[in-house]
Structures are given as structure tokens and as C-alpha cells.
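The values are calculated or read from the model by the stated rules, or taken from the named source; none is laboratory data. In this text the structure is predicted, and so the values were computed from the model without any measurement. Note: ideal-geometry Cβ built from the backbone for every residue, glycine included; neighbour counts use all protein chains shown. Accessible surface areas use protein heavy atoms only, side chains included; no ligands, DNA or RNA. Shrake-Rupley method; radii C 1.70, N 1.55, O 1.52, S 1.80 Å.
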Amino acid sequence: MATVTSAAQQPIRALRNWAARPAVATALILLYLAVVLLVLRGLDRRHLWFPTFSTLAFPAFVLSPFIVMSAPISRRLKTILIGGLILIAMPLVGIYDTSYLELAIQICIFTGLALGLNIVVGFAGLLDLGYIAFFAVGAYLWAMFTSQAPTVINISGLLVPAWTFPIFLIIGVGIAAVTGILLGLPVLRLRGDYLAIVTLGFGEMIRVLARNLDQPINFTNGAQGLHNVSPPPIPEIWTSFTSSTANLMGISLANVTPVAQQLLFYFVGVLIVAIVVVVARRLDDSPIGRAWTAIREDEVAAIAMGVPLVKMKLLAFAAGASFAGAIGVLYAAKQTFVSPESFSLIQSISILAMVIVGGLGGIRGVMLGAAVVTLLNLQVLKNMSLQLNALRQMDFVIFGFHVQNWPTQLEPAKYERLVFGLLLIIMMIFRPTGILPEPRRRIELQHDDVVTDEDDVSPAPGPMVGAN
Amino acid sequence: MLNRRVRLQPLVLFALILGLLLSSSFVVAQEGRVIKIASQSPLSGGQSAVGVGIRNGVELAIQQLGGNLRDMGFQIQYVPYDDQASPDVGVANAQQIVADPEILAVIGHYNTGVAIPSSEVYNQNQLLMVSPANTGPAVTDRGLPIVNRVVGRDDLQGPTGAQFAASLEDVETVWVLHDTTAYGQGVAEFFRQEAEAQGLVVLGFEGTEERANFDGIIQPILALAPDLIYFGGIYDQVGIFISQARAAGYEGYFMGPDGIDSPDLAELAGEAVVGTYYTTVAGPASIYPNAAQFIEDYTEAYGEPPTPFAAQAYDSAAIVLAALERAIEANGGELPTREQLAAEARATENYEGLTGTITFDDNGDPEYSNYYVLQVVSADPAQWSSNTVISTIQIPSPLKAQELAAEGEATAEATPES
Amino acid sequence: MLLEVTNLTKSFGGITAVRDVTLGIPEGSISAIIGPNGAGKTTLFNLLTGIYKPTSGQIMFNGRSIVGLSPDKVNAAGIARTFQNIRLFPAMTAIENIMVGMHSRLKISVIDTLLRNSAFHQQEKAVSDKARDLLSFVGLLHKANEVSRNLPYGDQRRLEIARALASDPKLILLDEPTAGMNPQETVAATQLFRRVRDELGITVVLIEHDMTVVMGISEHITVLDYGQKIAEGPPEAIRNNARVVEAYLGRRAAGTHQEESDHGDAA
Amino acid sequence: MASVSRGLAAPSWSLRLPPAVRWVYDYLLYPIGQMLVFIIGAAVVLTLLAYLLAALVPEPRPNIILADQISRQLPGMIISGISIGFVYAMIALGYTLVYGVLKFINFAHSEIFMVGSVVGFEIMRRIADSGTLQQWNPVVLIVTVVLVSMLVSGLLAVLIERIAYRPLRGAPRLVPLISAIGISFFLIDFVRATEAITRNDFNLRYPTDQLPWLTQSVALQFGTTTVNVKPTSFIVVGGAVLTLLALNYFVNGTKLGRGIRAVAQDQTTAALMGINVNFMISLTFFVGGAFGGAAGSLFGMNVGTVTPYVGFIPGIKAFTAAVLGGIGNITGALLGGLTLGLVEAFLNGVLVYFPALGQRYTDIFAFSVLILILIFRPSGLLGERVDEKV
């Protein structure tokens, strides 16, 4: 038996061993990067199959830092490659085609949110279904203070100049953290199952409030949303830097300002994500992180060992919320429009899906999950629809099937939830620890009845009381 | 030493790759002058009936009217986007659209709340947008040079409805509902203001997100028994409300804005829909003398008569195509920039479209638009296009009205002299 | 007295699990609480550590009342415990388990944590050193980095004691610490309890079914039955107490047996 | 947790009566009495609160005397509150039964309800398409529609449990919860796709227009005010009461029900006693799903038009109701559903006169009530009082 399998696996193993040699691995990685970048550079929007190629190439590019990270190459080279990809290659790709820049910014935004939620759900084990509310708080903070909409703040002349953006990023952190504590104080004493519904309700309440606070006093401009929100000012030097970079690439930008602005948002997004990663790492690897793990694994033992439950849970809530606040400010400045519709339950659930798909508790996994789900949402499904439409216009025939006859009701972009739902179910059944599982998670999942069985100490229902 | 070289080589290679990126494109793009026109409307979700009609209208216009441009040696491609009636999706699409340098114009949207944020993105990139359906005042009042629309405005549509309501003999009290969206709430506000000005008693003004069970909303209405209920919303919500309100014993009139102008309203409301009044900025295609051919062609191509706003979408696309032709001519046969095209479109004057003659004012509103009041005649959705037009009023846009007023003053001043 | 319990009562709905119990634990002693199954021993521990709030009665620890304090505050005040069915943090390593146990003795500062300044590093170093000391005290230093779930049963028991010691308690409550152990392990464990008191000076209270352990180690025994204290005193007095014998004889044999098989399952 | 065992039936200390009388008392009189007590209790409390508000703010808007308006609306509000309250209660039962047995929130239950409403539509539509709708006896028609949707929804719930929950038993709570969310998303789009392809539309209108007995409202006289009540309201209430009685009998009076209760109390012991735990869990899902399906078709008949998105809001509300009453407790689900329905109806009826607030704040107020109740009674109105361990 054993010999048969090993014989069959021989070539695969040999290949794997070969690829694991640092020099080979380095060469393979560079080859991969070269191919991806060249394809991205060479794509022509006029091509019939552009949507498909673009859907293959850009995700391949986004995944490249993760591939580099897990490759058997030296740490220093990893750092340089990843740094180069994020700080140089992506901006260049983005200048070449700004739709990729937009996607990259969205990925940054959702990565930040997913990392924040990961602190609450992954580290401390508290299921928060209303996380989007903190994002909304940040977005509304910046929007209310800069929107030209006829709100009370605008009318009483309290609008702030656009250069205060960096300050508001910090205020956003503070306000969202305070909101997190205010929500947490009453609800964190509730049992775990109740927390889910209360946070869900809280998320909806924030949305309903945003929708309705246009009267009696107009704070949020209600359903109309806050329009003409200020983006941060772009320094002259940044614009000229953008256009000269574009010139270097042989592109003459008809319109520099929007590109420069998007580029700026991209770097702010990267900066925020970097900070979030550092903060999350440091919190995790500290007495606070150990306390969270303890709470997650056994609440009763944790509190009996002197871990103050409510305080630690509040801290997790506040830490998670604070990131969402800062990212909300960035989001409002980028969209220049904020309306209640952007903060629905489905958004909270998408962020949760990112955390789960990537690997609850692990920072690298959550980032990967955020990238995958965001791309799926914003690029893959949409491009499939566009591809279908392009084929339809050409009256394309594939295996005797006229693409024109494909029912519009079956356009892929309409099945976001279906794909999402299937993804969640399949992940949970076959890989509940996510794509890149966090090691501790895997141990926790082994035989978990020991871990989650709260009931044997929860006093009243136990045998002590009997059936009352 | 050896180690060092191994470490350095990849970096050199990586720099080389980046260098390749910096270098000018090495894949020669195929020659061929392509113009793309995009559209954004809800193609999925509850409002897709109208959204798909908009897409079809644009597609038909490009097929039928693109001949001149094709003769000039351009290939025209049409890229329809689905904004799902959501501002978020609309903006994300807009970012994709502006990133494609070949897209020179967008026809869209259906929802005012989606059009406003998306047009901010177009504006940053000077991309022309012509709206076939957005009636919210803020769409054009922001004065963006790239935003135009071929239809009227809610601050005129709402009041038109209110004036009509006031003209009904047995209407003294009204109840105003809206769907808490930018569009529905906006038009409902305008209705309420004018209704009060006309001396009607507004018994209630409520927003609701409810889409299935309106029982709780109907109870207080029944208690106050208004003569007319105005619902600023879209047919997929209003239809259900009408059916339930009638079933619960409400006996007065129903009225709504152009959002309820869809055969699906009849589908959803059933018998209760008969007699419902609605105002619209887009009369049924059948009332336009020029539209007979369009109705025929549309029906043949898509297997159903044109839905509301399909003719307006056709006109929007036609205006874009005409502006393109002019801009290309002015540019000596070369593709114009987006900016040039947007300016050319704004300069549209006396364009003879299916739905009337269109001249844009400085905000991109048509100088004159028609506002119609219609009444539903049948619960059969197929009969929707035969709804009775009760009245048609032509009203100038606010800018045009100012201009007229100024002229009027001037003539008034001039008269005594002459 | 380090710990003084007066008229402590706890009822759940209609059932009174602990009724009017009064007892005192002298500082530096090793005491035992015994009684048949369902006598309310574990409930008493849960009351002492703040997991349950007493229906009535008073608990004085080190001269101050600890009634109404939450379990983490009780821990900070100086009472640590182990659980009848081991409750380690299963996916954490042995040393991490002990580090969590020190929580109430640490200065938790978000700013220090984020800045990684010298205060943070010093504290982490101290924490890790002390955790190692404790591991070597219970003889588990060589397993510091093993995940606690994978440790053998006896090691898990010892690790739980080490974790309880990590908060520098004055009093440690051990809930059936030798349940499920074989005779050799039991002897080693008994020695460990004694060392806790002798070397660290910590007062020990244990709930135990194994009478050889109880009689061999404790200086003072309290007997509970149906939630009430039926006897207390030195081992010899308890051994000969008529009420204790009566309470035990009817049920003891079967009771002890069942307990042990239960723990066998849990392990 | 012994809560599931505490159904609607009379406690064991009831009088010593002949078996037949005893049966009538246990399975008819007592539960009906309990429902009446809940309805009257909640209605009286809310009416008093409403008048109290009217006393504090007599004229919230010019020419509107709040007390007069309340009197005029009172019967209507109570009827509408009861009819939606019963729908909430029936959905809440599905959450509560599953929670009682598996200690897990079946987030996909709102979509089981939605499927029930769509199945109800499909049956009625098909009958109408065959042209025989008017010939059906009303009672037979309604019973058929409700029973078929119960069956489909129940089987769907069993299937979901098999595919998405059973493989995850023993995993941390988060895991099945997330696969439930996945199921919920999947079902919404799946139903939409099916309906969009077969009917080219997914606004699904029950063909109630063809049935005058279903659409012509009945005028009821309450003192000086006349209230028009839709016949569907009676059907909802009647259907709900009948199915609730059946559930009560099933849980408390049958062997299978006893099995479910045993599994809810202690799975291991139940298995040792020879109860097939997996079967009992499937059965629980079937019963819970069937209730969701019944609620769905009754709701569909009442509102007329359903969509694949119709489940979300009633689902959330029903879950709130279940938590309000004490999740895991059958009587609690009934109390929670009726209370929430009535609270909503009263809020809708009263808030409308406060221009600064309006009906759009109904949900916020209703939810605040939930949070307040949870803060003071962390296990809901009828949940066991858990001695706080923290």
C-alpha cells in the first residue's frame, strides 16, 4: 500500500521539493509576478474577452502578496517584494487603469473593516452582527461636517475645511470607540446568543436613525443622503508627481486630478490597514490578547482566573469599532456621498463572511478573505455579466449556443447572494477554519464540545435545580 | 559572496519587471476607432421592469441612429451596467465606467438617489451623463456641466399633482406617504408644500420602508379617512399598498408620481388600481405623434410594448449620438475628448425627439417639459399604455422661468416706452 | 481566621443547595470539605469565588466582605481555585495558561501594549519568568509549550493548580484535585498540596472524596450533607462522628464509585 | 434547559377530572385561555399606556385630540396587532423549538417562512391558472394551501438541517450560525431565480382578486366606531390558533412530543433511553419549519403580494419576539409574538400624530423595548431566571 502511494506521489513530491528550493522558488515567484504584471499591462479594453482576462489577471495580482508571503524565500526578499507590490506596482497598475485603483481602495477599506471585526469575533469570540454601524458612524462624522447638504451643521456655519481630514481620521477612531463602549455597556452582560440579535438590531437602528434624522432637526439629511462631501485637498506636488509618473509610463492623463485623488486614497487606505495590522498584532500578542483568548475558550474559567470579562469585552468592542470609524471617514471622503443605504445588514454580513472565509482569528487569513470576497463582489461577478453582454452584442455562438439567448434573469451579477451563501455553507462544512487557518483555531475546533459546553456550570438549568 | 548574489539577482529582476510596467505599452492596441456608450439602470431587483426598458431604449437608439457614426468609421459599442437601484453599486460602476477611456457618455439612472453620487464621479472625469428618468431637483441644480436630463423635475411634478388633487371636487384632505428614498421623499415634500398652499389639509406625512404588510400604516389612515392618499414611491411598493389599503376599506383616491408609472403597478395592485391618478414627466409613448414607429420597433425587438422611460432613454441616447456627430465634425473627424462632447451635448438645441423638442438650459434641464396627469383605466397590465391622459401642462424649467421673468420685466419696462 | 463564612445560604428556585453554613479557615492551614454527592460542596466554592451570589449570609476574607464581588475581583482579592472537571484553556499552551492566571496581578495598559515600550517588555519578561517558575514548581517546565489539551490527565490537574497559583493567592480552593488519578499520582498530588502550603505559604482548602487523601493531609475537616454543615473538626474527630458515618454509610460506597467513573468519562 | 417541556398545557396539579374532560381542559380550554389572557393583558396594558400618553400630550398636533383618535383606532389597532402578532408567534415557534433542542439560532428560518409564502402563492396561482379557483370550497382551499406549504417548508427545514447543520454539530456556535446565514442568502436568490425564470417576475401576487369572500372586508361595529376587518385577518388568527393547539397537543400529548422534550433536556440521556436523537432533531426541524410555512402562506394571503425578500423583516421581528418571550420557551414565543405585534400596532397608531417622530420610529421604539426588557430580565419575559454568574 504505502509503496504504491509513494510511487504515485513520487513525481509530485519531487516537483514540490524542487519548487521548495529557495532559488527555484524565487525564480517561480518572479516569473509569476512578471506574467501577471505583463498581462495587466497588455490588456486591451477593446478586446472581446477583456472582462474575462481582467477578471483573471487582477485577482492574480491581488493574490500575489499572499503567494509571496507563503513562499519558501528569505524574509528580507519577502518584505521587499511585498513592499514593492503594494507601494510601487499597484499604484502603477492603478495609473494605467484607474478601475483597478478603485478596486484596490475598496479592498483596503474592507480589509480594514474585516481586521477590526476580527478583533471582536476572532480574538474575543463575540458575535457582532451590527459591525457596519461603527463604519456608518465614521462616515457620517466626516460627511456631516463637510457636506453641502442643508443640514443644521451646514446652516449654522459649522462646516470644517477639507484639510482637517487627517484630524477627523483620528476623531473617527475616538467617536467610534465611544459608540462601541456605549453599545457594549448594556449588552455585553447578555448571554452570547442574545448578543447577536442585539448587535444586529443596533446596526439596523443606526441605519434607521441616519435615515430619519432629517427632522425635526436635520442632522443627516435623511434618505436624501449627504452629498458634496469634501474629499481631502490634494497637494500640488502630488498631482504633478502623478502626472509625471504617468508620463514615464507613456500615458498622458487627460484628467490628472481624479487619478491623483484616488492614488492618495489608496495610500491612505494602505496606511490605515498597516496601522490596523500592527495594532491587531500587538493586542493579540499581549496580556490583553491572552485574556481574549481565555474568554473565547472558557468564559467561566477566565473570570475565575481574574480576567475581568466585561472590561475585556468592552475593550475588544471599542478596539474593533475604532478602526471602522477611521475607515468610515476615509470612505465618506472617497465617495463624496453618504446615504443610509450603504450601511445595511448585508454589509455587516459580508464583512463577517470575509473574516470567516479567510480564517477567523488570523490576521493574514482575514486579509486574504477580505480581498477574495471584495473581488468576488465587485469584480468577478460583475465582469462575468459584462462579458456575457459583450458576447451577446457580437451574437457569439459557443458550442452551438447563441449567447444572445441566455436569459437576462440569469446574469451572474444578480447572484451575489447565491454565490455568497454557497461559499459560506461550503466553507463551514469543509473548512470551518478558513482558507488560511489560524493554528489555535484549528485546535479549538478539534473536539469542541469541551470548549463550548457552557451549560455544565451555568447554574440554574443544571441538575442542581432540576426541572422547575 | 555566493549568497549575496543569489539575494540580489531577484531584486534586479523585480526592478526590471517594474521597469517594463513603466515603459510604454508593448502590446500594440488594435487600431480601430471605438466609441463606447454606457448606461446605468436597475436591471435586477424589484425595479428592473423599468430599468430593463431603459436599457432597451438605449440599445435600440444605438442600433437605429448609429449609422452616421459608423459611416464616419467608428465602431459603437454599448455597455449596460446594472446599478441595482443602490447608490453604492452605482458609484462603484461609475468608477469602472470612467476608467474606460473609450466610454464617452452614460445614459442613466432611474433613481435620483443613485444618480446624484454617481454623477459626482462622472463630473470629476468630465464624462457626459444624460438622464432619461431622474426627476430630483438636485440632479441638475448642482450645476454640474456634464449632467443633463430629458425629463421634468419633481419640484414641478409634485406641485402639478397637488394642483390636480386640489382641483378634484371631492378632495379636501390628503395623506402623504413616501418610501424614505431621495426620490420618493423629495417628490412627496413638494406635493405636500403645494397641497398646503392650495388649501388642502394634509392629515399625515409618513415615510415607510415596509414592503409587505402595510396594516399598521393603514389603520391610522382609516381613522382619519383622508380623501386622497399620495404615495411618493416606486410601483413595486406602492402597488402592494394600494391593494391592501383598498382591501382594508379605504375608499378615497390614490395618487402617485412617475415612480408608480409601470404596468407592474396594475399587476401588483389588482382591481384596486383602477382610478388611481399619477403624474408623470414621461407620457406613454402612444401619446407622442413621433413615437408610432418606435413603439412598433420596440415591440418587435423586445416582445412587449415600451415600458415607461424607454422612449426617454431612446431620446437620451439619440441626443448623445447627435452631439457625438457634431463634436467629431468640429474636431476634424477625430474623436472628441469627453469634455468637448459634454459641452456639445449641453449645447443641444431644438432636438426633435420622440417625446418632444429638447433644448437644454444652463443646468442641463430641458427648457420646457411636459407634465402629465394620468388615470389608470384597467387592472390589466397589458392595457397600461392606454391609461387616460387627464391633463398635460408645459412648464419651463426654473432657469428658463427666471429668464422669461426677466424678459417679461424687460418687455414690461419696454412697453410704456414704445 | 483568613476566611470566615457566616450563615451562608444559597437557593435556586425552590431548592436550597447551601443552607446556613458557618465555617472558618485559619491562615496557613490545609482544610477539607467533604460530603456525599449533591451535598453542596461545589456550590459552596462557587459562592466563595463569586460565581454565585449568596441568597443570604456573609463571607469575610482577610478581614473584608467579599459578598457581591464578581469572580475576577474575588480572584484579585486573593482567592484562586481549580475546577472539579478541569477547565484549562484547551488551545493555549501550558505557559500561556499560567500567564492568563496572572491577569489580576498585571498592569494592563493599552498604550504600553501598542507602543511596546520598556514597561511592556519588562512586564512580559517578568510574566514569562514567573510562569516558568510555577511550571517548574509543579514539574511541568519541560512541557511549557505544549497545548494544554494534549497534556496527560495528571499533568492537566497540576497545570490547573499552577494556573491558580499564578495570581499569588492567599487561599487556594481545590475542587476534587485527585479525582480520576491512580494511587501513585494521588500520592504525588498530595505532596504537591503540602508544598503549596509549606513552600509558598498559601492556605489550602480542598473538596475531596478520597478519604486517604483527606485524612492524610487536612488539619481541619468540614462535613456537608444536604447543604448543611453536619460536622467539623480534626480528622480523628470526624472519623468517629456518628452523623458523618450515618450520612456516608448509606450512600458513600455507591457515590464515590459513581463520581470516579464520571471523571473517567470526562478525561 | 427544560424549557421546551413547558408547553401550553396545564400544569400537573390541575383538578382530578375524568379523562375526556381532562383532555378538553388540557388541550383546548387551558391553551385558549392562556392566549386570551396574553392578548387581553397586552392590549389592556398598551391601551392604558396610550391613554396615559394622551393625558400627557393631549394635542400633539393642531386639531388632533390624541385621546379621541386612540378611541377611534383602538379596535383596528388591536385587530391588526393580533393578526400580525400571531404570525410573529408562529415564526417565533420555529426559532424557539430549534433553540430548545439544539441551543442554536436557526438564522435560515426567516427564509423557510418565505418559502412557505411562495409555495402558498404557487398553489393558489396554479389553481387560478386552471380556472377552477372559484369552485373551491373556501375552507378546503385554505386548508390545502396551508397544509401543502407546511409540508414543503417542513421538509425544506429537515433538508437544511441534514445538509448544513448536522455535519457541524459539536462545532462552536459560530459555525452553524454562519452556515445558516449562508443558507438564508442562498434560498433568497434561489427562489428569486426560479420565479424570475418561470414567471419572469418575482413580485408574486396571490390571486385573491378572484375570491370575493377573501377580499371583501367585514364591517364590525364597536360602539360608535366601525372597523373594516379583512377576512384574511380572521383566517390568520383562526389558522394560527388551530395550529398552535395542534402543536400543544403534539408536544405535550404525544409520544413523539415527549421524545422531543427528552432530547431538549438531555441528549445523552435521551439517547441512552433508546430515543433516536437524530430523528427527534429532524422532527423538531420539521415541526418548526411547518409552522414557518403555515405562517408564510397565511401571511401571503393576508398581504396579497410576496417576494423572495419577504422573509427578512418578519423573521427578525419573530426572532425578537422569541427572545422577548424567552428563547427556548414555547409559551414565551406566543407571548412574545403577540406582545410585539400589539406594541407595533399601537406605536404605529400613536406615533403618526407626532410630526417630529412618525411611524418610521416604530421599529426603533419596538427594539428599545426589547433591549430594556433584556437588561432587566436577561432571559426574556418567560425565560428561566438565570442567576447571573457574573
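With the condition kept exactly as written, say whether any residue in region A:206-221 is in contact with a Leu (Cβ under 7 Å, 6 or more places away or on another chain) and assigned to a helix (DSSP H, G or I).
The answer is no, given that none of the residues of region A:206-221 is in contact with a Leu (Cβ under 7 Å, 6 or more places away or on another chain) and assigned to a helix (DSSP H, G or I).
Out of everything in region A:344-390 that is among the β-branched types (Val, Ile, Thr) and at the interface with another protein chain (Cβ under 8 Å from one of its Cβ atoms), what residue ends up being nearest to D:ILE183 (Cα to Cα)?
Ranking the candidates gives A:ILE349 first.
Is it true that some residue in region A:147-156 is over 28 Å from D:SER379 (Cβ atoms), among the hydrophobic types (A, V, I, L, M, F, W, C) and outside any helix (DSSP H, G or I)?
Yes, that holds for at least one residue.
Could you name every one of the helices (runs of 4 or more DSSP H) located completely within region C:41-153 that has at least 3 residues being in the same structural domain as C:ILE25 (by TED's automatic domain parsing) and either touching a Cys at 6+ places or on another chain (Cβ under 8 Å) or surrounded by 19 or more Cβ atoms within 10 Å (Cβ to Cβ) (or both)?
Where helices (runs of 4 or more DSSP H) fall fully within region C:41-153 and carry at least 3 residues being in the same structural domain as C:ILE25 (by TED's automatic domain parsing) and either touching a Cys at 6+ places or on another chain (Cβ under 8 Å) or surrounded by 19 or more Cβ atoms within 10 Å (Cβ to Cβ) (or both), they are C:41-48, C:71-77.
Quick one: what pairs do we get from region B:150-179, first residue crowded, with 19+ Cβ neighbours inside 10 Å, second assigned to a helix (DSSP H, G or I) and basic (Lys, Arg), C-beta under 9 Å, 6+ apart or different chains?
B:GLY158/B:ARG192; B:ALA162/B:ARG192; B:VAL174/B:ARG192; B:VAL176/B:ARG192
Of D:ILE197, D:ILE275, which residue is closer than 28 Å to D:LEU159 by Cβ, free of Cβ contacts under 8 Å to residues at least 60 places away in the same chain and outside any helix (DSSP H, G or I)?
D:ILE275
Yes/no per residue for (1) more than 13 Å from chain D (Cβ to nearest Cβ); (2) among the β-branched types (Val, Ile, Thr); (3) open to solvent by 40 Å² or more (accessible area, probe 1.4 Å); (4) in contact with a His (Cβ under 9 Å, 6 or more places away or on another chain):
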site	(1), (2), (3), (4)
A:SER147	yes, no, no, yes
A:ALA162	yes, no, no, no
A:ILE170	yes, yes, yes, no
A:ILE175	yes, yes, yes, no
A:LEU185	no, no, yes, no
A:LEU195	no, no, no, no
A:HIS227	yes, no, no, no
A:SER230	yes, no, no, no
A:ILE237	yes, yes, yes, no
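Across region B:323-344, what is the number of residues that are in a helix (DSSP H, G or I) and β-branched (Val, Ile, Thr)?
1
Residues that are touching a residue at least 40 places away in the same chain (Cβ under 8 Å), surrounded by 20 or more Cβ atoms within 10 Å (Cβ to Cβ) and more than 14 Å from chain A (Cβ to nearest Cβ): does region D:124-132 have at least one?
Yes, region D:124-132 contains at least one residue that is touching a residue at least 40 places away in the same chain (Cβ under 8 Å), surrounded by 20 or more Cβ atoms within 10 Å (Cβ to Cβ) and more than 14 Å from chain A (Cβ to nearest Cβ).
Considering only residues of region C:18-34 that are touching a Gly at 6+ places or on another chain (Cβ under 9 Å) and open to solvent by less than 10 Å² (accessible area, probe 1.4 Å), which is nearest to the other protein chains (Cβ to nearest Cβ)?
Checked region C:18-34; the qualifying residue nearest to the other protein chains (Cβ to nearest Cβ) is C:VAL18.
I need a count of the residues in region A:432-459 that are modelled with pLDDT of 75 or more, in a loop (DSSP other than H, G, I, E, B) and more than 7 Å from every other protein chain (Cβ to nearest Cβ).
Number satisfying all stated conditions: 6.
Among the residues of region D:298-326, which ones are part of a helix (DSSP H, G or I), within 10 Å of chain B (Cβ to nearest Cβ) and farther than 17 Å from B:ASP215 by Cα?
Matches in region D:298-326: D:PHE312 only.
When region A:403-431 is examined, which residues are found to be more than 28 Å from A:PRO51 (Cα to Cα), at the interface with another protein chain (Cβ under 8 Å from one of its Cβ atoms) and open to solvent by 40 Å² or more (accessible area, probe 1.4 Å)?
Scanning region A:403-431 gives a single hit, A:ILE429.
Can you pull out the residues in region B:90-110 that are under 15 Å from A:GLN379 (Cβ atoms), without any contact (Cβ under 8 Å) to a residue 12 or more places away in the chain and out of contact with any Ser or Thr (no Cβ under 8 Å at 6 or more places or on another chain)?
The one that is under 15 Å from A:GLN379 (Cβ atoms), without any contact (Cβ under 8 Å) to a residue 12 or more places away in the chain and out of contact with any Ser or Thr (no Cβ under 8 Å at 6 or more places or on another chain): B:ALA92.
Between residues in region D:175-188 that are more than 7 Å from chain A (Cβ to nearest Cβ) and residues that are part of a helix (DSSP H, G or I) and modelled with pLDDT under 90, which pairs lie under 6 Å by C-beta distance while being six or more apart or on different chains?
Listed pairs, sorted by first residue: D:PRO176/D:LEU168.
Check whether at least one residue in region B:377-386 is touching a Pro at 6+ places or on another chain (Cβ under 8 Å), over 22 Å from B:PRO308 (Cα atoms) and either modelled with pLDDT of 90 or more or open to solvent by less than 60 Å² (accessible area, probe 1.4 Å) (or both), and report yes or no.
No, region B:377-386 contains no residue that is touching a Pro at 6+ places or on another chain (Cβ under 8 Å), over 22 Å from B:PRO308 (Cα atoms) and either modelled with pLDDT of 90 or more or open to solvent by less than 60 Å² (accessible area, probe 1.4 Å) (or both).
Show the residue pairs meeting these rules: Cβ distance below 8 Å; 6+ apart or different chains; first residue within region B:194-219 and among the polar types (S, T, N, Q); second residue open to solvent by 40 Å² or more (accessible area, probe 1.4 Å).
The qualifying pairs are B:GLN198/B:GLN163.
Can you tell me which condition B:TYR183 does not meet? The list is (1) open to solvent by 10 Å² or more (accessible area, probe 1.4 Å); (2) modelled with pLDDT of 90 or more, and all the others hold.
For B:TYR183, the failing item is (2).
If we keep just the residues of region D:348-362 that are within 17 Å of D:PRO58 (Cβ to Cβ) and not aliphatic (A, V, I, L, M), which is surrounded by the most Cβ atoms within 10 Å (Cβ to Cβ)?
D:GLY349
What number of residues within region A:237-282 are within 19 Å of the chain's Cα centre (by Cα) and of a type in the set (Gly, Ala, Ser)?
The number of residues fulfilling the criteria is 3.
Within region A:96-117, which residues are aromatic (Phe, Trp, Tyr) and either modelled with pLDDT of 90 or more or in contact with a Phe, Trp or Tyr (Cβ under 8 Å, 6 or more places away or on another chain) (or both)?
Passing the criteria: A:TYR100, A:PHE110.
For C:GLU260, state whether it is within 30 Å of C:SER136 (Cα to Cα) and either open to solvent by less than 10 Å² (accessible area, probe 1.4 Å) or at pLDDT 90 or above (or both).
Details: within 30 Å of C:SER136 (Cα to Cα): yes; either open to solvent by less than 10 Å² (accessible area, probe 1.4 Å) or at pLDDT 90 or above (or both): no.
The answer is no for C:GLU260.
With B:VAL187, B:VAL151 as the choices, which residue is in contact with a Ser or Thr (Cβ under 8 Å, 6 or more places away or on another chain), under 21 Å from A:HIS227 (Cβ atoms) and outside any loop (DSSP other than H, G, I, E, B)?
After applying the criteria, what remains is B:VAL187.
Sort out which residues of region A:288-322 are open to solvent by less than 10 Å² (accessible area, probe 1.4 Å), within 25 Å of A:ARG442 (Cβ to Cβ), at the interface with chain C (Cβ under 9 Å from one of its Cβ atoms) and outside any loop (DSSP other than H, G, I, E, B), and write them in order of number.
A:ILE288, A:GLY289, A:ALA291, A:THR293, A:ALA294, A:GLU297, A:ALA301, A:ALA302, A:MET312
How many residues does region C:52-111 hold that are under 19 Å from the mean Cα position of the chain (by Cα) and not aromatic (Phe, Trp, Tyr)? Please lay out each step first, then the result.
At the first step, the residues of region C:52-111 found to be under 19 Å from the mean Cα position of the chain (by Cα) are C:52-54, C:59-62, C:66-67, C:69-90, C:94, C:97-105.
Subset that is not aromatic (Phe, Trp, Tyr): C:53-54, C:59-60, C:62, C:66-67, C:69-82, C:84-88, C:90, C:94, C:97-105.
Qualifying residue count for the region: 37.
Rundown of residues vs (1) open to solvent by less than 20 Å² (accessible area, probe 1.4 Å); (2) in the same structural domain as A:ALA274 (by TED's automatic domain parsing); (3) of a type outside the set (A, V, I, L, M), yes/no style:
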| position | (1), (2), (3) |
| --- | --- |
| A:ARG21 | no, no, yes |
| A:LEU38 | no, no, no |
| A:ARG46 | no, no, yes |
| A:VAL68 | yes, no, no |
| A:GLY84 | yes, no, yes |
